[in-house]
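Right, one structure below, let's go through it.
The numbers here are math on the coordinates, done by the rules we state, and not lab data. Computed from a prediction, not measured in an experiment: that's the story for all the values here. Every residue, glycine among them, receives a Cβ derived from its backbone with ideal geometry; neighbour counts consider all protein chains shown.
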Amino acid sequence: GNSVTQMEGPVTLSEEAFLTINCTYTATGYPSLFWYVQYPGEGLQLLLKATKADDKGSNKGFEATYRKETTSFHLEKGSVQVSDSAVYFCALVVTGGGNKLTFGTGTQLKVEL
Amino acid sequence: EAGVTQFPSHSVIEKGQTVTLRCDPISGHDNLYWYRRVMGKEIKFLLHFVKESKQDESGMPNNRFLAERTGGTYSTLKVQPAELEDSGVYFCASSQDVTGTRYTFGSGTRLTVV
């Protein structure tokens, strides 16, 4: 089956620190990979995605590269802000497999001044 | 365009009671999905509608959960009778894209069963 493993949280960083949230996956078939974010009191929002190997998704200063050889999709940001405090979910979908998303457990990020 | 709307945003009910969650997808989106996140765990798929038909309900936990999508528009998810382990956040998403890469999620319903 499909599964996503992401690093346990919570992660607490100071503003302007470098962020990495690790994500690895297993999939039957060729997955598309996603990072979703849930800000306090809000719903899930797509942060970035990559649909094939070596693609880099990027948005709002966040980046993640689809690494097929290591089955990974780690999220990075060079300088976090307090407003980045949220829960981050790594996810995948295998097209043709019903298009249902498989999520990781989520990583809570707290950025402090 | 209006987004995916879910209500209520919060619901607190007693064990054994019935609760109905509603999801209004983006107009014209044939695909509607329900997901659930139980406290601190991963978000799990519950079921998938294509228009009014259940395409995949493999994630429904048991027969206390009933989902409907009459007329292929809004959807309801009823839990009857509710148990403590049903507490969590229920997300709805809709999509018109057949690749599964363009979902729009609602803000979720936080259900607490006491």
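Of note:
- Chain A: equivalent-ellipsoid semi-axes (sqrt of 5 x gyration tensor eigenvalues, Cα, Å): 24, 14, 12
- Projected area averaged over orientations for the protein assembly as shown, convex hull of C-alpha atoms, nm²: 12.2 nm²
- In terms of other Cβ atoms within 10 Å, A:Met7, B:Met39 run from fewest to most in the order B:Met39, A:Met7.
- Fewest neighbouring Cβ atoms within 10 Å first, the residues B:Ser9, B:Ser107, B:Ser87 line up as B:Ser9, B:Ser87, B:Ser107.
- Ordering B:Lys78, B:Lys15 from the fewest to the most neighbouring beta carbons within 10 Å gives B:Lys15, B:Lys78.
- Inter-chain Cβ neighbour average for residues B:33-43, partner chain, 10 Å: 4
- Partner shielding of A:89-96 amounts to 3, given as the average count of beta-carbon atoms from other chains within 10 Å of each residue beta-carbon.
- When chain B is treated as a GNM with alpha-carbon contacts under 10 Å, the residue of B:Thr73, B:Thr20, B:Thr101 showing the greatest mean-square fluctuation is B:Thr101.
- The equivalent ellipsoid that matches the C-alpha gyration tensor of chain B spans semi-axes of 23, 14, 13 angstrom, in descending order.
- Sorted peptide list for A:13-20, B:65-72, A:28-35, criterion being average Cβ within 10 angstrom, highest first: A:28-35, B:65-72, A:13-20
- Remark: mean inter-chain Cβ contacts per residue of B:48-61 equal 1, using a 10 Å Cβ-Cβ cutoff to other protein chain atoms.
- Segments B:43-51, A:56-64 sorted - mean Cβ within 10 Å per residue, highest first: B:43-51, A:56-64
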